[in-house]
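One structure below.
The values are calculated or read from the model by the stated rules, or taken from the named source; none is laboratory data. All values derive from a computational prediction rather than experimental measurement. Cβ sites come from the backbone with ideal geometry, for glycine too, and all protein chains shown count toward neighbours. Surface areas here come from the heavy atoms of the whole protein model, side chains and all, with no ligands, DNA or RNA. Shrake-Rupley method; radii C 1.70, N 1.55, O 1.52, S 1.80 Å.
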Amino acid sequence: MDANCAKQLHDVSHEDSCNENIVLEEGELSEDSTISDADFELSGINSEKLQHILDKSFSLDDELLDTPLLTFDYKLPPKNENLESGVDFSSPISCKEKNLCSILRRGSCFENKSNTSLNSCNSSSRRVSFPSDDSELASYLYPEDDQQTGMDMKSSDEVLEVYENSCKHHKTIELDIIKNQIAEIKNNINHSATFNLCSINLTNDVNETLEDLLKVTNFQKITLSDCKFTSDTISEFLDMLEYYESTRELEVSVQFESNEAWQSFCNACMNLDKLEVISFKGVNINEEYMRKLLHAVKINSKITTLKFDGCDLDMVPSFYLVDSLKTNTTLRELYLPSSKLYSREAQCLGSFLQVNMHLNVLDISNNFIGDRGLDSLARGLVKQNVPGSGLSVLIVFNNQLTEKSGPVINNIIKCCKNLHTLNVGYNNLTDQVLMDVKDGLTETHSLEGLGLQCTLLTCKGIFSLAEAIEENKSLLKINLKGNKAIQVYGLERLCNALTNSRVIKIEIDDVNRSCSDPSGYVQLVKRLNAICTVNKSFATDNNRDEELNNISRVVSRKVSLSCEPRFLIPDVKQILQSPIQLSTISPSTPKSRFQIISVPENSPRSFSRFKVTPVISPSPEDDDIQNRFANVRSSVSSNESMDSLMAQPDLVGTDCE
């Protein structure tokens with residue numbers, strides 16, 4: 001063997017010894033970090049690949065190693081996780097993968113089976129990159145719009161194709177109610193479409209198809225109405241809404257029978273980042289459920305609106321809803337129509353408004369608060385005397401209010417410096433209320449909308465209203481529909497007043513057959529609309545910037561002044577079956593001490609065709625029944641009478657402080 005061959009063999013042996021030292025050092029490091037060779041073999045890395053990683057890894061200077069990168073946080077996967085895919089150091093970081101993996105037990109039909117492993121999702125969702133310049137900081141970059149990165153713009157036909165393919169894959173029936181709504185989708189990624197799940201059986205397979213639909217589109221409003229589900233299927237559906245951030249408003253018209261289903265609903269409301277409105281219709285909510293719901297509202301600061309339309313709320317021993325919302329600073333709108341509110345609940349609302357200045361809209365229409373309840377509500381409203389803070393919309397139509405509430409309404413208009421819309425329609429206010437609120441309408445600088453629909457107004461009240469709007473500089477919209485007693489000369493006075501006002505809209509009946517001059521009435525209505533059109537042109541030019549700067553005023557413009565009353569119908573069968581009611585309405589019950597009977601024509605000594613005879617006095621039992629119900633009559637509300645209201649004059653009006 002020559003000298004050159006011997007030298008080459010010596011170099012090779014020296015290189016092998018160096019490599020063995022490197023491997024031994026790595027083995028010592030592995031022992032310290034509790035990772036053995038067997039663990040590497042289980043994770044899919046053999047010795048050759050480990051040697052390849054050690055040979056091809058990049059190196060850093062010692063100076064850089066002395067200063068750790070504190071601004072970068074990257075967690076290594078568990079030791080049993082497949083590390084074969086490695087880490088991509090060239091791609092940018094993204095917080096959400098392009099094709100979302102299914103969150104249900106079974107995979108979606110649109111997922112690639114080769115990419116369903118967990119490491120593929122993790123590798124595509126989080127990637128490491130180092131800046132080229134040493135002065136730059138390594139950081140985690142979030143995309144500006146998560147929905148835009150997770151969804152592509154699709155037409156309604158493409159979304160429909162996604163749903164049909166999903167139904168074929170999961171072997172479920174294509175529901176026409178869903179297909180018809182998909183056909184109306186114009187933009188699938190801007191939270192503009194509505195999705196109504198009405199009378200649908202939410203099974204596991206239906207949830208799979210709905211998930212594929214939620215992957216490619218989102219909605220402004222999702223409604224659950226008369227749906228059939230179990231605790232597991234409703235939990236899966238709510239988890240999907242939370243995961244895909246699919247809606248801004250949730251409307252529920254079904255009853256959650258189990259506590260687990262309600263807890264899942266509250267958890268979804270708590271974690272939905274896009275959710276802004278929670279609405280219930282005809283749902284029974286007890287105190288335990290209400291506590292969980294209000295906790296979710298407190299945690300999720302994005303929720304600004306709560307609606308309870310026709311709901312049976314648990315109000316014993318106190319109105320827990322408003323009592324818990326006193327310290328809430330994020331809620332802006334509270335709707336409680338047809339919720340069986342009485343004067344006691346109105347008192348709770350008054351104490352709530354006295355300490356909470358963040359609520360902008362309050363709707364308590366179609367309830368029974370009465371004059372006493374409105375006065376209790378006003379005690380808190382008059383404290384909101386700071387412009388730009390407090391309630392801006394108050395809706396109390398169809399609440400059994402009478403003309404006794406005139407001074408209270410006047411104080412509300414004068415003292416609430418941020419009130420822009422007041423709707424008191426469908427109440428027996430009469431002309432006296434307009435006479436009482438005349439001073440308030442003259443002094444207010446914030447009220448823009450006034451609802452007086454079906455309030456028993458005549459020309460006398462219209463004259464008072466005309467005098468007020470001539471001096472008012474804020475009123476823009478007035479609703480006078482349903483007041484059939486308004487005559488032609490009342491409309492003429494109103495037309496003259498509108499020429500000196502800022503009113504841009506008068507809602508009034510186009511035709512009034514009760515008027516003495518129907519044709520003249522129609523002509524004056526056209527004249528009213530023409531004057532409002534002229535006023536609107538001036539208002540658009542002069543107040544556009546002011547309107548955009550005042551958020552509460554813009555909100556009040558969206559609230560309609562038209563009323564939709566709901567009246568409770570008593571049970572006629574129960575009234576007829578009551579023995580007391582039958583005795584009081586019996587035709588044999590005497591109404592006087594005497595009765596008149598006819599006299600036969602052939603009766604002797606008869607100078608008249610009628611004869612007056614005394615009535616036999618009733619038995620003591622009948623007297624007891626009559627005395628017991630002698631003072632029963634209509635009252636202001638279900639639990640207060642008019643006499644009790646008049647006995648306390650300090651409750652009729654509340655002065656501003």
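Close Cβ contacts (under 8 Å, 6 or more residues apart or on different chains) running from residues in the range 261-276 that are touching a residue at least 60 places away in the same chain (Cβ under 8 Å) to residues that are outside any loop (DSSP other than H, G, I, E, B) and crowded, with 22+ Cβ neighbours inside 10 Å comprise Lys274/Thr247.
The criterion of at least 2 residues that are within 24 Å of Glu470 (Cβ to Cβ) and open to solvent by 20 Å² or more (accessible area, probe 1.4 Å) is met by the following helices (runs of 4 or more DSSP H) wholly inside the range 351-443: 406-415, 430-436, 438-443. Kindly provide the set of residues from the range 515-541 that are over 17 Å from Arg493 (Cα atoms) and either in contact with a strand residue (DSSP E or B) (Cβ under 7 Å, 6 or more places away or on another chain) or in contact (Cβ under 8 Å) with a residue 40 or more places away in the chain (or both), ordered by number. Matches in the range 515-541: Ala539 only. The listed residues are Lys473, Lys460, and the only one of them that is within 36 Å of the chain's Cα centre (by Cα) and open to solvent by 10 Å² or more (accessible area, probe 1.4 Å) turns out to be Lys473.
Of all residues in the range 364-391, those that are in contact (Cβ under 8 Å) with a residue 24 or more places away in the chain have Cβ atoms under 7 Å from Cβ atoms of residues that are surrounded by fewer than 24 Cβ atoms within 10 Å (Cβ to Cβ) and of a type in the set (Asp, Glu), 6 or more apart or on another chain, in Gly370/Glu640; Arg372/Glu640; Val382/Glu657.
So is Glu251 buried (at least 19 other Cβ atoms within 10 Å of the Cβ), of a type in the set (Asp, Glu) and out of contact with any helix residue (DSSP H, G or I) (no Cβ under 7 Å at 6 or more places or on another chain) or not? Yes, satisfied. Lys281 falls short on exactly one of the conditions (1) more than 18 Å from Leu336 (Cβ to Cβ); (2) open to solvent by 60 Å² or more (accessible area, probe 1.4 Å), and that condition is (1). The single condition among (1) open to solvent by 20 Å² or more (accessible area, probe 1.4 Å); (2) aliphatic (A, V, I, L, M); (3) part of a loop (DSSP other than H, G, I, E, B) that Leu275 does not satisfy is (1). Taken over the range 459-482, the criterion of being polar (S, T, N, Q) and modelled with pLDDT under 95 is satisfied by Asn472, Ser474. Residues in the range 489-524 that are assigned to a helix (DSSP H, G or I) and surrounded by 18 or more Cβ atoms within 10 Å (Cβ to Cβ): Gly490, Leu491, Leu494, Ala497, Leu498, Tyr521, Leu524. Is it fair to say Leu272 is closer than 27 Å to Asp232 by Cα, touching a Ser or Thr at 6+ places or on another chain (Cβ under 9 Å) and at pLDDT below 95? Judged against the criteria, Leu272 is a match. Kindly evaluate Asn201 against the criterion of being of a type in the set (S, T, N, Q) and open to solvent by less than 60 Å² (accessible area, probe 1.4 Å). It is false that Asn201 is of a type in the set (S, T, N, Q) and open to solvent by less than 60 Å² (accessible area, probe 1.4 Å). Would you confirm whether any residue within the range 480-488 is over 24 Å from Gly406 (Cβ atoms) and either touching a residue at least 24 places away in the same chain (Cβ under 8 Å) or surrounded by fewer than 20 Cβ atoms within 10 Å (Cβ to Cβ) (or both)? Within the range 480-488, one or more residues are over 24 Å from Gly406 (Cβ atoms) and either touching a residue at least 24 places away in the same chain (Cβ under 8 Å) or surrounded by fewer than 20 Cβ atoms within 10 Å (Cβ to Cβ) (or both).
Of all residues assigned to the range 212-223, none qualifies as being farther than 24 Å from Gly282 by Cα, assigned to a helix (DSSP H, G or I), open to solvent by 50 Å² or more (accessible area, probe 1.4 Å) and charged (D, E, K, R). Return yes or no: is Thr455 among the β-branched types (Val, Ile, Thr) and touching a strand residue (DSSP E or B) at 6+ places or on another chain (Cβ under 9 Å)? Considered against the rule, which asks whether it is among the β-branched types (Val, Ile, Thr) and touching a strand residue (DSSP E or B) at 6+ places or on another chain (Cβ under 9 Å), Thr455 comes out as no. Can you find even one residue in the range 182-191 that is open to solvent by 10 Å² or more (accessible area, probe 1.4 Å), in contact with a helix residue (DSSP H, G or I) (Cβ under 6 Å, 6 or more places away or on another chain), more than 19 Å from Glu242 (Cβ to Cβ) and not aliphatic (A, V, I, L, M)? Taking every residue of the range 182-191 in turn, none turns out to be open to solvent by 10 Å² or more (accessible area, probe 1.4 Å), in contact with a helix residue (DSSP H, G or I) (Cβ under 6 Å, 6 or more places away or on another chain), more than 19 Å from Glu242 (Cβ to Cβ) and not aliphatic (A, V, I, L, M). Can we say Arg344 is touching a Leu at 6+ places or on another chain (Cβ under 8 Å), open to solvent by 20 Å² or more (accessible area, probe 1.4 Å) and in a helix (DSSP H, G or I)? No.
Evaluate the range 297-320: report whether one residue or more is among the aromatic types (Phe, Trp, Tyr), closer than 20 Å to Phe368 by Cα and open to solvent by less than 40 Å² (accessible area, probe 1.4 Å). Yes, because at least one residue in the range 297-320 is among the aromatic types (Phe, Trp, Tyr), closer than 20 Å to Phe368 by Cα and open to solvent by less than 40 Å² (accessible area, probe 1.4 Å).
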